[in-house]
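Reviewing the structure listed below.
The values are calculated or read from the model by the stated rules, or taken from the named source; none is laboratory data. Just so you know, these numbers come straight off a predicted model, no measurement behind them. When we count neighbours, we look across all protein chains shown, and the Cβ atoms used for this are built from the backbone with ideal geometry, even at glycine.
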Amino acid sequence: MAKTDTIVIGSGLAGLTAAIVSAQKGQNVKLLTYGSGTLSLNSGVIDVLGYDQQHKYVASPRQGIQNLPDNHPYRKIGLQAIADSVSFFLKLTEEQGFPYGGDLDSQLPVPTAVGTLKPTCLAPESLNGSHLVDSHKIVIVTVKGLKDFYGNIIEDNLRKVAALKDKTYELIEFDSGLTGGRDITTLDVARYLDTDAGLAALVALLKPVAQNGVSFVLPQILGTKGDTCHKSLKAQLGSAQVVETTCLPPSVNGLRLQNLLKGAFKQLGGEIVEDCRVLRGIMEGAKCVGVVTQAAARKKSYYATKFILATGGFYSGGLAMREFEKPQETIFGFPVYFVPGEENWSNAELFSDKPQGFALTGIMTDENLRPVDGSGQVVADNVYIVGRNLGGYDFCFEHSGNGVALASAYKAGNM
Amino acid sequence: MSDTKIKQIAPEEAAVFTADHCLSCTSCMSSCPVMEATKEYRGPKLVGPAHSRMHFSQEDEEDSLDFCSNCKSCDRACPSGVAVSTLNMLQRGEYYKTHAHSQRDEMLAHGEKMGKLVHSLPLGATCANIGMRIGKALGIFGLFGLAVERDMPSYAASTFKSLYKNISQKKSDKKVVFFPGCFINDNEPSVGEAMVKVMQVNGYEVLLDDKFCCCGSPMVVTGYIDEAKEHADRNVERILYWKNQGVPVVAACTSCSLMLKKEYEELFNEAKMKQAAANVYDLFEFLDILADKGELNTNFQSVSAKLTYHVPCHLKAQGFGVPAASILRDVPGVTVELADAGCCGMSGNYGFKGDKYDISMKIGEKLFSRIKEQAADSVICDCGTCRLQIRHGTQAKACHPVEILAKAY
């Protein structure tokens with residue numbers, strides 16, 4: 001029977017990263033995925049830590065991490081591995097021709113589709129909103145027929161940011177010519193801007209307005225191929241800045257990052273098995289020797305020395321709670337931590353500055369990211385837990401989702 | 001028909017109810033090749049799960065349903081197990097219960113009938129091939145609504161079923177029944193011959209069963225759902241017969257194998273289809289299982305071939321990986337590079353439709369340029385209509401991976 005060095009389950013940011021790190025070490029790696037992974041729903045920027053446990057803005061993620069509670073995954077991963085994962089990611093994106101910027105000691109402000117600025121640690125140049133502060137005029141570019149991107153709302157909210165209050169604002173509309181069929185998405189416009197004709201049409205609109213000191217704010221439409229479109233556009237607009245916002249899915253930047261990661265993994269000889277739902281682990285005591293998957297009409301088993309679990313949380317099906325207070329990890333049945341008591345489970349004020357109890361649900365691990373039970377005993381010697389499978393953090397509240405995914409995957413890949 | 005109630009698949013496992021698992025996350029939209037090629041298709045999320053829920057409760061038609069090619073990229077993208085494309089095909093079947101079919105669809109759905117007719121006449125294949133060339137030159141295909149830019153697949157001089165009779169096989173206790181499907185039987189019987197050779201070298205005797213009929217895939221995608229169900233019933237009965245004899249059924253066309261293994265039960269929801277599916281294998285899936293057990297004959301001769309592998313969508317949807325790549329990589333002299341360029345755009349008979357030709361070619365662009373870049377000796381692909389599209393879009397040679405493997409023995 002064929003045996004692989006490492007099997008990674010799940011193809012979101014954590015799964016793909018763990019697969020690449022493992023493959024870079026010369027291992028034979030198989031990645032099993034059911035569904036296309038969450039990157040098409042993910043901004044693709046790396047928030048390491050935006051807010052602390054009191055929801056105060058964190059100016060330096062490196063500092064903020066050190067004040068987190070002991071059961072937070074970052075405390076298990078450790079500052080060194082987190083810093084190394086950031087360096088790894090910056091190097092990887094550089095090598096793959098779609099460089100990210102940022103560092104662990106500061107935040108980049110990324111504009112959102114409603115005109116707020118969200119703090120993130122690593123982002124590609126096209127999403128770096130710090131340029132807005134340095135400009136005197138902000139030109140918001142809406143796209144004809146594109147829903148969920150409204151120039152006046154963006155302007156109103158940007159004006160609420162102290163440093164952007166006194167800028168001059170202008171709204172212009174880009175007609176991509178894609179209307180007339182169904183509703184268009186940012187992905188449709190981005191694919192159009194991958195073409196020479198699309199880029200030329202956008203340049204024709206922006207060039208007359210593109211003076212020194214102007215920043216354009218656009219939805220996430222600047223091509224699907226890394227930073228190719230953003231670079232070409234900037235080259236043709238002189239010294240004006242061009243900044244994209246995060247948008248509703250499909251997320252173009254998430255897809256750019258997904259392409260980069262999948263490409264890097266395949267270059268390293270990694271294999272992705274699609275439509276492959278992992279049903280259970282094959283355990284010999286505390287050692288996992290294989291996993292059983294459901295293929296069409298029959299089950300198929302895959303064997304390896306090491307396993308990395310990156311199947312996500314409730315949304316992705318990695319965690320489930322069919323009965324209240326009985327959370328499950330759906331493949332291995334690992335112990336799952338949760339906050340007991342119905343009254344602590346959720347905060348009815350969805351958009352308040354208070355955390356959600358349920359968000360802490362997940363697997364607790366030792367310092368090597370192996371799953372532990374309530375008494376801290378490791379329950380699987382060669383299975384490593386990464387990304388949203390981990391418990392003890394509220395990624396929405398603290399803005400740490402992709403940071404935990406990246407750092408845990410980096411560490412697990414290196415174990 | 002017996003009056004015993006037909007045993008259905010449990011509701012929690014039935015594809016038809018998976019619409020309610022849709023979270024509207026848009027993963028399918030990012031992966032849909034038709035959405036990328038045209039703005040007229042509203043996309044898998046809205047047409048599949050969202051609209052099918054409306055449809056089953058009231059009369060309501062979705063105009064852009066016609067654009068779905070049933071390539072199943074959406075099903076693969078879905079993290080929640082929604083059988084998106086099957087929901088589309090069920091709606092299409094429902095639509096054609098009250099609407100007339102075009103002559104074109106009548107023709108595209110019934111390739112098996114045409115093949116039988118052609119091969120029953122003396123010199124039928126030659127005459128039909130000449131006839132198709134003349135028909136194309138006179139623009140008759142266009143009048144029928146077929147893509148004038150394409151050649152219809154030419155008929156082989158002899159069907160696989162007739163060639164099979166002349167193959168002398170070593171008898172064996174280990175047997176498989178081959179499900180050749182229409183395309184291998186009528187158009188590319190060499191794939192079947194290679195399959196028999198490979199199975200023989202691996203100690204298996206290959207049987208044929210004349211009672212098998214077209215898997216029904218061309219009917220499902222053109223909305224002849226009741227007829228497809230009749231085919232499903234006939235094939236399932238035979239598969240279960242062979243299952244009782246302990247003889248597995250093996251198909252070498254991934255659209256056939258997907259239909260037998262997965263789409264029957266998704267579309268028609270009967271427990272017997274699930275039972276039958278367990279006895280059906282795609283060819284390289286079967287060889288992979290042999291390899292896993294250490295039973296694959298790996299006494300390979302060297303074959304000098306640089307190959308580009310276009311993995312068909314309908315193979316990816318079977319969830320067993322891409323075993324042909326790893327098996328062929330063990331043949332000395334063979335290199336296999338995955339094209340990794342998405343759907344080819346042909347999707348069964350979709351690309352033959354005149355009004356879908358441009359979409360089909362636009363979808364295929366990525367694959368065509370990848371094939372040209374890689375400049376391999378041959379493209380390999382387990383799906384017959386993908387191979388037609390590859391030849392049409394690139395002029396490259398395209399064969400089934402088993403034809404390469406056969407050379408290694």
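If you go through region B:320-379 and keep only what is farther than 18 Å from residue B:37 by Cβ, within 14 Å of chain A (Cβ to nearest Cβ) and of a type in the set (Lys, Arg), you end up with just B:329.
Scanning region A:287-303 for residues that are of a type in the set (A, V, I, L, M, F, W, C) and within 12 Å of another protein chain (Cβ to nearest Cβ) turns up A:295, A:296, A:297. In this structure, does residue A:167 turn out to be of a type in the set (Lys, Arg), surrounded by fewer than 22 Cβ atoms within 10 Å (Cβ to Cβ) and within 30 Å of residue A:388 (Cβ to Cβ)? Spelling it out, it is not the case that residue A:167 is of a type in the set (Lys, Arg), surrounded by fewer than 22 Cβ atoms within 10 Å (Cβ to Cβ) and within 30 Å of residue A:388 (Cβ to Cβ). When A:15, A:37 are checked against the criterion of being within 14 Å of chain B (Cβ to nearest Cβ), on the phi > 0 side of the Ramachandran plot and within 19 Å of the chain's Cα centre (by Cα), a single residue qualifies: A:37.
If you take the residues in region A:275-286 that are surrounded by fewer than 19 Cβ atoms within 10 Å (Cβ to Cβ) and away from chain B (no Cβ under 12 Å), which one is nearest to residue B:319 (Cα to Cα)? Among residues in region A:275-286 that are surrounded by fewer than 19 Cβ atoms within 10 Å (Cβ to Cβ) and away from chain B (no Cβ under 12 Å), the one nearest to residue B:319 (Cα to Cα) is A:280. In the set (1) surrounded by fewer than 23 Cβ atoms within 10 Å (Cβ to Cβ); (2) small (Gly, Ala, Ser); (3) over 19 Å from residue A:185 (Cβ atoms), the condition left unmet by residue B:69 is number (1).
Tally up the residues in region A:321-371 that are of a type in the set (Asp, Glu) and closer than 26 Å to residue A:382 by Cβ, please. So that I can check it myself, show each step before the final result.
Going residue by residue through region A:321-371, those that are of a type in the set (Asp, Glu) are A:323, A:325, A:329, A:342-343, A:349, A:353, A:366-367.
Going one step further and asking which of them are closer than 26 Å to residue A:382 by Cβ, we end up with A:329, A:366-367.
Residues in region A:321-371 being of a type in the set (Asp, Glu) and closer than 26 Å to residue A:382 by Cβ: 3 in total.
Which residue is nearest to the chain's Cα centre (by Cα), if the candidates are limited to region A:40-58 and must be within 13 Å of chain B (Cβ to nearest Cβ) and crowded, with 22+ Cβ neighbours inside 10 Å? By that ranking, first place goes to A:44.
Pick out the one residue from B:50, B:14, B:19 that is modelled with pLDDT under 95, touching a strand residue (DSSP E or B) at 6+ places or on another chain (Cβ under 9 Å) and not charged (D, E, K, R).
On the way: B:50 fails: touching a strand residue (DSSP E or B) at 6+ places or on another chain (Cβ under 9 Å); B:19 fails: touching a strand residue (DSSP E or B) at 6+ places or on another chain (Cβ under 9 Å).
B:14 is the lone residue from the list that is modelled with pLDDT under 95, touching a strand residue (DSSP E or B) at 6+ places or on another chain (Cβ under 9 Å) and not charged (D, E, K, R).
Condition check for residue A:147 on (1) surrounded by 13 or more Cβ atoms within 10 Å (Cβ to Cβ); (2) touching an Asp or Glu at 6+ places or on another chain (Cβ under 8 Å); (3) farther than 23 Å from residue A:239 by Cα: one failure, at (1). Among residues of region A:276-300 that are outside the structural domain of residue A:370 (by TED's automatic domain parsing), none has a beta-carbon under 9 Å from a residue that is in a strand (DSSP E or B) and surrounded by 15 or more Cβ atoms within 10 Å (Cβ to Cβ) at least six positions away or on a different chain. Go through region A:18-34 and give me each residue that's in a loop (DSSP other than H, G, I, E, B) and away from chain B (no Cβ under 14 Å). Passing the criteria: A:25, A:26, A:27. Reported count of residues in region B:314-342, each being surrounded by 18 or more Cβ atoms within 10 Å (Cβ to Cβ), over 14 Å from residue B:382 (Cβ atoms) and under 19 Å from the mean Cα position of the chain (by Cα), is 3. Assessment of region A:335-344 against the conditions (at pLDDT 95 or above, within 14 Å of chain B (Cβ to nearest Cβ), in a loop (DSSP other than H, G, I, E, B) and under 28 Å from residue A:18 (Cα atoms)) yields no matching residue.
In region A:79-92, the residues that are closer than 14 Å to residue A:13 by Cβ form Cβ pairs under 6 Å with partners that are buried (at least 20 other Cβ atoms within 10 Å of the Cβ), at six or more places apart or across chains, as follows: A:85/A:406; A:85/A:407; A:85/A:410; A:86/A:104; A:88/A:410; A:89/A:406. The single condition among (1) of a type outside the set (Val, Ile, Thr); (2) in a helix (DSSP H, G or I); (3) free of Cβ contacts under 8 Å to residues at least 40 places away in the same chain; (4) in the same structural domain as residue A:176 (by TED's automatic domain parsing) that residue A:230 does not satisfy is (3). Residue count for region B:9-53 satisfying the condition of being over 26 Å from the mean Cα position of the chain (by Cα), away from chain A (no Cβ under 13 Å) and assigned to a helix (DSSP H, G or I): 3.
Flag set for residue A:148, criterion: within 14 Å of another protein chain (Cβ to nearest Cβ), within 30 Å of residue B:64 (Cβ to Cβ) and in contact (Cβ under 8 Å) with a residue 60 or more places away in the chain.
In the list A:224, A:142, which residue meets the criterion of being part of a loop (DSSP other than H, G, I, E, B) and either touching a Cys at 6+ places or on another chain (Cβ under 7 Å) or crowded, with 16+ Cβ neighbours inside 10 Å (or both)? Can you show your working first?
On the way: A:142 fails: part of a loop (DSSP other than H, G, I, E, B).
Every option except A:224 fails the conditions.
Inspect region A:261-274 for any residue being among the acidic types (Asp, Glu), in contact (Cβ under 8 Å) with a residue 40 or more places away in the chain and within 13 Å of chain B (Cβ to nearest Cβ) and give the result as yes or no.
Here is the first cut: in region A:261-274, the ones among the acidic types (Asp, Glu) are A:271, A:274.
From what's left, in contact (Cβ under 8 Å) with a residue 40 or more places away in the chain: A:271, A:274.
This time we only want the ones that are within 13 Å of chain B (Cβ to nearest Cβ), so: A:271, A:274.
Yes: one or more hits.
Please tell me if residue A:5 is in contact (Cβ under 8 Å) with a residue 40 or more places away in the chain, charged (D, E, K, R), away from chain B (no Cβ under 14 Å) and not in a helix (DSSP H, G or I). Spelling it out, residue A:5 is indeed in contact (Cβ under 8 Å) with a residue 40 or more places away in the chain, charged (D, E, K, R), away from chain B (no Cβ under 14 Å) and not in a helix (DSSP H, G or I). With respect to the conditions (1) under 16 Å from the mean Cα position of the chain (by Cα); (2) free of Cβ contacts under 8 Å to residues at least 24 places away in the same chain, residue A:67 falls short on a single one, namely (1).
Selection within region A:304-317: residues that are at the interface with chain B (Cβ under 8 Å from one of its Cβ atoms) and within 27 Å of residue B:261 (Cβ to Cβ). The member of this set that is surrounded by the most Cβ atoms within 10 Å (Cβ to Cβ) is A:316.
Here residue A:178 meets the list (1) modelled with pLDDT of 95 or more; (2) of a type in the set (A, V, I, L, M, F, W, C); (3) over 27 Å from the mean Cα position of the chain (by Cα); (4) surrounded by 13 or more Cβ atoms within 10 Å (Cβ to Cβ) almost entirely, failing just condition (1).
Conditions (1) assigned to a strand (DSSP E or B); (2) aliphatic (A, V, I, L, M); (3) closer than 24 Å to residue A:45 by Cα, marked per residue:
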{"site": "A:254", "(1), (2), (3)": "no, no, yes"}
{"site": "A:266", "(1), (2), (3)": "no, no, yes"}
{"site": "A:269", "(1), (2), (3)": "no, no, no"}
{"site": "A:290", "(1), (2), (3)": "yes, no, no"}
{"site": "A:294", "(1), (2), (3)": "yes, no, no"}
{"site": "A:304", "(1), (2), (3)": "yes, yes, no"}
{"site": "A:324", "(1), (2), (3)": "no, no, no"}
